[in-house]
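Peer 1: First the structure, which I've put down as structure tokens, then a few questions once you've had a look.
Please treat every number below as a calculation from the coordinates, not as lab data. Keep in mind that this is a model prediction, so the values were computed, not measured. Methodologically, a virtual Cβ is constructed for each residue, glycine included, from the backbone with ideal geometry; neighbour enumeration extends over all protein chains shown.
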Amino acid sequence: ATPMSIMVATGKGAMLGVLFKNAEAIETMRMVDTLVVDKTGTLTEGKPKLTNVIAADGWNEKDLLAYAGGLERSSEHPLAAAIVSGAEERGVDLKKAEDFASHTGKGVSGMIDAKKVLLGNRRLLEEFEVVPDNLDDEVRKLRDEGKTAMFVAIDGEAAGIVSVSDPIKETTSEAMEKLHEEGIRIVMLTGDSEVTAAAVAKKLGIDDVVAEVMPEDKANAVKRLQDQGNIVAMAGDGINDAPALAQAQVGIAMGTGTDVAMESASVTLVKGDLRGIVRAIKLSKATMRNIK
Ligand code: ADP
Ligand code: MG
């Protein structure tokens, strides 16, 4: 495209809340056939709220929240904020944790009341050889509703579940429909469980799901799709998404997300409105048509 047509497209994009970082992004967008999209903070608002607390036999909900909230006070994960404020709203006094550790992509651990406490997914429990079979049915039910459910283990015993729910952005559903009209295949990429991911994907008509992905494997998932011959755009908001945004032919960051994501992407959607991706594709097509 000519420098002039690129300037025009950049200006039009900016008015529509789509910031292109370079000419290549404008030129490539029209060729994209696959959109990989992060779940939390990209499809959803990224502001999870505590919804359910379920105690296993021998435990009670208040204590469970006191332990879970006590641990999460030291974590910076969005899930942690949901659990801490949920516990406080329910009038629970958070317990003091020692030896706090964060296990990326799995959860958190620490010592409370001289007991070893774990909070996170099945992988975290496996690492500490805790088997949460007693909670399987309850976890399944919550995840089928699209909620993110985490296990609490105390001294080697699965003591309960806490779950959070993160609302889907008001604009996401329409964005997914319009992307499909443009012939784009949509693949959700998430560190969350298979069941939760499938429930959210079903609600939005998303074509494929890659779930339970460790943060460092997100870029590999994009690369695999490229190796199959797809032209891939990746949309994400988190630090975890940055390598995948850089790997994709077009990286699309949420203006509502982290700086690292925006630095790694060539397009930023100012308000995190995914309908901006459709606008970017249309602008790209119009720009490239003009020069032929
Ligand atoms: P994503 O950002 O895609 O949701 P992460 O890789 O950050 O995924 O986390 C994957 C999973 O690990 C979460 O769904 C949760 O089960 C568990 N997890 C991660 N961090 C925490 C935390 N601070 N507290 C509890 N669970 C956590
Ligand atoms: Mg995210």
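Peer 1: Starting from the Cα of ARG140, step 7 Å along the direction of its Cβ; do the same at HIS77; then give the gap between the two resulting points in nm.
Peer 2: 2.4 nm
Peer 1: Hey, could you grab the Kirkwood Rh for the stretch 49-165? Inverse mean 1/r over distinct alpha carbon pairs, Å, one decimal.
Peer 2: 13.6 Å
Peer 1: Right, here's the next one. Considering only PRO78, VAL162, PHE151, whose Cα is most displaced toward the positive end of the charge dipole of the chain, charges sitting on Cβ of Lys, Arg (+1) and Asp, Glu (-1)?
Peer 2: In the chain, that residue is PRO78.
Peer 1: Follow-up question, since we're still on this one. Dipole magnitude of the stretch 3-44 about its Cα centre, charges +1 at Lys/Arg Cβ and -1 at Asp/Glu Cβ only, in debye to the nearest 20?
Peer 2: It works out to roughly 140 debye.
Peer 1: With θ set to phi - 60°, apply the Karplus curve 6.51 cos²θ - 1.76 cosθ + 1.60 along the stretch 200-207 and write out the HN-Hα couplings as whole Hz, x wherever there is a Gly or Pro.
Peer 2: 3J(HN,Hα) across the stretch 200-207, in whole Hz: 5, 4, 5, 4, 9, x, 6, 6.
Peer 1: When you count, for each residue, the other Cβ atoms within 10 Å and take the mean per peptide, how do 168-180, 41-53 rank with the highest first?
Peer 2: Values: 168-180: 17.8, 41-53: 20.7.
Top of the packing list down: 41-53, 168-180.
Peer 1: Students often check this: by mean Cβ neighbours within 10 Å, which of 7-17, 137-147 ranks highest, and how do the rest follow?
Peer 2: Going from most to least packed, we get 137-147, 7-17.
Peer 1: What is the Cα centroid distance between the stretch 139-191 and the stretch 216-244, reported in whole angstrom?
Peer 2: 19 Å
Peer 1: What is the spin-label model distance, in nm, from GLU129 to GLU177 if the labels are put 7 Å beyond Cα along the C-beta direction?
Peer 2: Placing both labels 7 Å beyond Cα along the Cβ direction yields 5.4 nm.
Peer 1: For the chain, with the dipole built from +1 on Lys and Arg beta-carbon atoms and -1 on Asp and Glu ones, taken about the Cα centre, which of VAL117, PHE100, GLY257 lies farthest toward the positive end?
Peer 2: Going by the Cα projections, it comes out as GLY257.
Peer 1: Okay, next question. Each residue of the stretch 55-72 in turn: what ³J(HN,Hα) in whole Hz from Karplus with 6.51, -1.76, 1.60 and θ = phi - 60°, glycine and Pro shown as x?
Peer 2: 9, 6, 3, x, 10, 10, 4, 4, 5, 4, 5, 5, 6, 4, x, x, 5, 5
Peer 1: Going 7 Å from the Cα of ASP99 along its beta-carbon direction, which residues of the stretch 143-158 have the amide nitrogen within less than 20 Å of the resulting point?
Peer 2: 152-158, by backbone N distance to the label point.
Peer 1: Applying 1/(1 + (r/R0)^6) with R0 = 22 Å to the Cβ-Cβ distance of ASP227 and LYS282, what FRET efficiency is obtained, to the nearest 0.05?
Peer 2: 0.20
Peer 1: Report, in debye and to the nearest 20, how large the dipole of the chain comes out about its Cα centre when Lys and Arg carry +1 and Asp and Glu carry -1 on their Cβ.
Peer 2: Dipole of the chain, to the nearest 20 debye: 1500 debye.
Peer 1: Please enumerate, by chain and number, the aspartates and glutamates with C-alpha under 16 Å from the C-alpha of LYS285, excluding those fewer than 8 residues away in the same chain.
Peer 2: GLU24, GLU27, ASP33, GLU181, GLU182
Peer 1: OK, next. Could you give me the ³J(HN,Hα) list for the stretch 177-190, computed from phi with Karplus coefficients 6.51, -1.76, 1.60 and θ = phi - 60°, whole Hz, x at Gly and Pro?
Peer 2: 4, 5, 5, 5, 4, 7, x, 8, 8, 10, 10, 8, 10, 8
Peer 1: For a 23 Å ceiling on Cα separation, which of these pairs sit above it: LYS62/LYS116; LYS116/LYS147; LYS223/LYS271; LYS141/LYS203; LYS49/LYS178?
Peer 2: Values: LYS62/LYS116 18 Å; LYS116/LYS147 26 Å; LYS223/LYS271 27 Å; LYS141/LYS203 16 Å; LYS49/LYS178 29 Å.
The answer is LYS116/LYS147; LYS223/LYS271; LYS49/LYS178.
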